[in-house]
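Colleague: Right, I'll just put the structure down here and ask away after.
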Amino acid sequence: QVQLVESGGGLVQAGGSLRLSCAASGSIFSLSAMGWYRQAPGKQRELVALVTSGGTLVYADSVKGRFTISRDNANNTVNLQMNDLKREDTAVYYCNAKQIGYNYWGPGTQVTVSS
């Protein structure tokens with residue numbers, strides 16, 4: 001089992017920045033990837049960014065150049081630096097951890113971008 005706890009969401013004006021953090025605990029030694037997904041009202045959950053155990057970074061096209069994902073293996077955390085936020089970035093952001101055959105999710109943190 002893997003437990004994930006997010007922090008760092010909130011309200012920000014368009015053009016501003018936020019940093020999300022996710023702390024992982026439990027059986028984290030076999031994680032193949034960690035990352036962030038988001039879900040806006042009335043929309044499906046979508047990938048924002050992830051980092052694999054080998055260091056490969058994957059970003060959604062909509063956030064490339066604005067968001068940066070990083071993983072701190074020593075502290076078992078994954079962070080998402082979000083710059084130049086837009087109203088369309090408003091969503092609940094979920095931390096995700098992957099093992100073979102399993103997806104683990106955090107409870108989510110709200111990010112609201114105002115105009």
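Colleague: Can you pull out the trypsin sites (Lys or Arg not before Pro) in the range 35-81 whose DSSP state is coil and whose Cβ has at most 12 other Cβ atoms within 10 Å?
Modeller: Details: sites: Arg38, Lys43, Arg45, Lys64, Arg66, Arg71; in loops: Lys43, Arg45, Lys64, Arg66.
Filter output for the range 35-81: Lys43, Lys64.
Colleague: Just the accessible area per residue of the chain, please: how many Å² with a 1.4 Å probe? Could the numbers behind the result be given before it?
Modeller: Working: 6020 Å² over 115 residues.
Per residue, the chain has 52 Å² of solvent-accessible surface.
Colleague: With springs connecting C-alpha atoms under 10 Å apart, model the chain as a Gaussian network and identify which of Gly26, Gly35, Gly101 has the largest mean-square fluctuation.
Modeller: Result: Gly101 has the largest fluctuation of those listed.
Colleague: Then there's this: On the protein heavy atoms, probe 1.4 angstrom, tell me the percent of accessible surface of the chain carried by carbon and sulfur.
Modeller: Carbon and sulfur together cover 49 percent of it.
Colleague: State the Cα centre-to-centre distance between the range 1-51 and the range 72-115 in whole Å.
Modeller: 2 Å
Colleague: Based on the alpha carbon coordinates of the chain, what radius of gyration and maximum Cα-Cα distance (Dmax) apply, in Å?
Modeller: In order Rg, Dmax, the Cα atoms of the chain give 13.4, 42 Å.
Colleague: Okay, moving on. For the range 18-65, what ratio Rg/Rh do Cα atoms give with a Kirkwood hydrodynamic radius?
Modeller: On the way: Rg = 12.4 Å, Rh = 12.4 Å.
Rg divided by Rh gives 1.00.
The values are calculated or read from the model by the stated rules, or taken from the named source; none is laboratory data. Given the structure is predicted, the values throughout are model-derived calculations rather than measurements. Note that each Cβ is placed from the backbone with ideal geometry, even for glycine, and that neighbours are counted across all protein chains shown. Side chains included, ligands, DNA and RNA excluded: accessible areas come from the protein's heavy atoms. Shrake-Rupley method; radii C 1.70, N 1.55, O 1.52, S 1.80 Å.
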